[in-house]
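Accompanying notes for the structure given below.
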Protein chains: 2
Amino acid sequence: MTTEKQQPDVIFVGNKPPMSYVLAIITAFSTGDIKDITLKARGQAITTAVDVAEIARSRFIKELKVTKIAIGTTEMPPREGENKARMVSTIEITLVK
Amino acid sequence: MTTEKQQPDVIFVGNKPPMSYVLAIITAFSTGDIKDITLKARGQAITTAVDVAEIARSRFIKELKVTKIAIGTTEMPPREGENKARMVSTIEITLVK
């Protein structure tokens, strides 16, 4: 193992099943020098991000702590055929081992 | 106006459109002695709760602040035809004016 930090400390949560992201968290914590990981999600994936944090904490990494949760709004480009930008909610959940 | 506290300071967010809950927040803050309101949601409504907080803050009550966000897990009774309890994620968002 090199001392170079290669693992990302941000995981973008999208529309895969929650367990894909839980696995990414477990892998990142077990292979790197990482002490904290931030989950980022927007729109419907916000619920998935909360599921991921809860599953990781309750079933896999008992010492995991949620140290910060922030919500916000971001502008997304209009959908095809529409001409108005959409405002989408976001969440960031920071997990520390 | 009496000094009795009649407005609820918890709003349960479900599957209505976000604006219904935004309106409930505006009404609660404008009619009562309430300084803070907690939005509670579970499952897919978590995304709606975040939308509600963001819409209320960015479009209607500029001085609104998110002072606390907590996530958790709760057990729900099994769906009809199933016999296993389901674990569902929850969120609580506290807003202070």
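We did not get these values from a lab; they are worked out from the coordinates using the rules stated. The structure displayed is predicted, hence computed values, not measured ones. Here the Cβ is made from the backbone with ideal geometry for all residues, glycine too, and neighbour counts use every protein chain on show.
Only one residue of B:Ala56, B:Pro78, B:Gln44 has its Cα farthest out toward the positive end of the dipole of segment B:10-96, where Lys and Arg carry +1 and Asp and Glu -1 on Cβ, and that residue is B:Ala56.
The magnitude of the dipole of chain B, with charges of +1 and -1 set on the Cβ of Lys/Arg and Asp/Glu and taken from the Cα centre, is near 200 debye.
Computed from Cα positions, the angle between helix A:45-55 and the longest principal axis of chain A comes to roughly 20 degrees. The other copies place their B:Phe60 label points at 3.8 nm from this one, listed shortest first, where each point is 7 Å from Cα along Cα→Cβ. Residue by residue along B:61-68, Cβ atoms of other protein chains within 10 Å of the local Cβ number 1 on average. Each principal axis of the protein assembly as shown carries a Cα extent, and these read 68, 46, 34 Å when sorted largest first.
Hydrodynamic radius of segment B:10-96 by the Kirkwood approach over all distinct alpha-carbon pairs: 13.7 Å. Measuring nothing but how far apart in sequence close Cα pairs (under 8 Å, 6+ apart) lie, relative to its length, chain B scores a relative contact order of 31 percent. Taking the axis that rotates chain A onto chain B, the chain A residue nearest to it by Cβ, with the distance rounded to whole Å, is A:Ile69, 2.
Plainly put, the tip 7 Å out from Cα toward Cβ on B:Met87 is 3.5 nm from that tip on each other copy, the closest given first. Relative to the dominant Cα principal axis of chain A, helix A:18-31 is inclined by about 40°. Shielding of peptide B:42-52 by partners, expressed as the average count of other chain Cβ atoms within 10 Å per residue Cβ, is 5.
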